[in-house]
Amino acid sequence: MKKLLMVGASVLAVASTSFAQGDRVFDLPMLTQAPVLDGVIDGDEWAGSLELGCSPSQVQADGAEYGWRDIEAQQSEVSVNQLAQSDGEDAAIARTDADFNSRIWQAWNEDGLWVATAVADNAHDVEGGENGWAWWERDSLSLYVDLVNEKEEAVLNGEYTALNIINFQARPLDSSPYTVSWARTVEGARSDDDGNDPDLIDGFLNGYRDAGDEFGGEADYVIEMFSPWENLLRFNLPAMPTVGTEMGFSWLPPDPDGDDGYGGQLQCWGWADDPSNFSTWVFSDTPAGPAGATAVEEDSWGRIKSTFQ
Ligand SMILES: [Ca+2]
Ligand SMILES: [Ca+2]
Ligand SMILES: [Ca+2]
Ligand SMILES: [Ca+2]
């Protein structure tokens, strides 16, 4: 992580005067080849992409690095542990890395945004509640993305200018009409009542795999995800991204563990309801993926698995 932060700092120094020192600015590498969306992080298909953690221990590290809003409530200045103790969940496990621990890989190419997550979880839960579309009640990953990097202040009255929430549930794409959800800003308001409409989410793809105990949990999983620029261009993405494009982002993985409804979540690399607190991607032509760089060959599946241990 220190290495990534140093990369961020160097980008900051040369590329931008609009961010204060200490903001989280990350180089977003460009893939040499599209990953296969099969839930297998295979060989070097994600090698060299931006890798960030999202876990209770990451929130601890964030508190130490960026300061605390409320240490009792596990609220750092840039993240929060809102995991819950579900019915039947051991109190010694709930809200710890044994409850939820994830890595997130991020990169781009001319077609879209590519993301993979590997998660150690103690209970798989994509069912329950009255509404299948309620992604906050499902094991899933939400990307809060500010496509124009406006960094607007916290929105308390429900008015937005640039909010987009792209959610992928931890399940195969065709297993549910709700696997992909997209909430976006329409006329200043969050609009997600049609967030699963097939036309709206046309081109969004994922690959899911039940990974058993592969990362040290009991109900581990991998999701590989693709979000197409062509689709986002229909809304508030102003132009095809190019080298130097900036976007704001925050990661929010819900983690119910057999709950009927909402069962807890984390918010990482920015408070999700406050775009001014988001981290920043700077789109770069640093190559990622196969033959992207010799130095990243070690960034293999074996090393990925070892990052959880
Ligand atoms: Ca793959
Ligand atoms: Ca839990
Ligand atoms: Ca869990
Ligand atoms: Ca879970």
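Legend: residues Asp274, Asp285, Asp197, sorted from most to least accessible area (1.4 Å probe; ligands, DNA and RNA excluded), read Asp285, Asp197, Asp274.
The length gained on full extension between Asp260 and Glu187, counted as 0.36 nm times the residue separation minus their Cα-Cα distance, comes to 23.0 nm.
Listed values for region 194-202 are Karplus-derived 3J(HN,Hα) couplings in whole Hz (6.51 cos²θ - 1.76 cosθ + 1.60, θ = phi - 60°), namely 10, x, 10, 4, x, 5, 4, 9, 4, and x replaces Gly and Pro. Selection among Gly53, Thr242, Ser276 by position relative to the dipole of the chain gives Thr242 as farthest towards the positive end (Cβ unit charges, Cα centre). Solvent exposure of the chain amounts to 42 Å² per residue of accessible area, where only protein heavy atoms count and the probe is 1.4 Å.
For region 270-285, putting each phi into the Karplus relation 6.51 cos²θ - 1.76 cosθ + 1.60 with θ = phi - 60° gives couplings of x, 6, 5, 8, 9, x, 5, 9, 5, 6, 10, 8, 10, 5, 10, 9 Hz, in residue order, rounded to whole numbers and with x for Gly and Pro.
Site pair Thr161 and Glu65 shows an inter-label distance of 2.9 nm when each label is modelled 7 Å from Cα along Cα→Cβ. Each label point was placed 7 Å from the Cα along the Cα-to-Cβ direction; for Ser57 and Ala34 their separation is 3.6 nm. Amide H to amide H, with H built 1.01 Å from N, Gly264 comes under 5 Å of Asp255, counting only residues 5 or more places away or on other chains. If you take the beta carbon distance between Ala84 and Glu127 as r and set R0 to 25 Å, what does 1/(1 + (r/R0)^6) give as a FRET efficiency, to the nearest 0.05? Approximately 0.90, to the nearest 0.05. Put a plus charge on the Cβ of each Lys and Arg, a minus charge on the Cβ of each Asp and Glu, and nothing anywhere else: the dipole of region 25-119 about its Cα centre is then about 160 debye. Every Cα-Cα pair of region 50-190 was included, and the share exceeding 28 Å stands at 25 percent. The Stokes-Einstein estimate for the chain, based on a Kirkwood radius over Cα pairs and taken at 20 °C with 1.002 mPa s viscosity, is a diffusion coefficient of 110 µm²/s. Counting protein heavy atoms only, the chain has 50 percent of its accessible area on carbon and sulfur, 1.4 angstrom probe.
Counted residue by residue at 0.36 nm each, then reduced by the alpha carbon distance between them, the extension gain from Asp273 to Thr242 reaches 8.5 nm. Computed about the Cα centre, the dipole magnitude for region 144-211 is approximately 340 debye when only Lys and Arg (+1) and Asp and Glu (-1) carry charge, each at its Cβ. For the residues Arg184, Arg209, a 1.4 Å probe over the protein chains yields an accessible-area ranking, largest first, of Arg209, Arg184.
Treating each Cα of region 187-231 as one equal point scatterer and applying the Debye formula with no solvent, the log10 of I(q)/I(0) at q = 0.33 Å⁻¹ comes out as -1.10.
The values are calculated or read from the model by the stated rules, or taken from the named source; none is laboratory data. What you are looking at is a predicted structure, and each value in this text was computed from that prediction instead of being measured. Every residue, glycine as well, gets a Cβ built from its backbone with ideal geometry; the counts of neighbours run over all protein chains shown. Heads up: the accessible areas ignore ligands, DNA and RNA and are worked out on the full protein's heavy atoms, side chains in. Shrake-Rupley method; radii C 1.70, N 1.55, O 1.52, S 1.80 Å.
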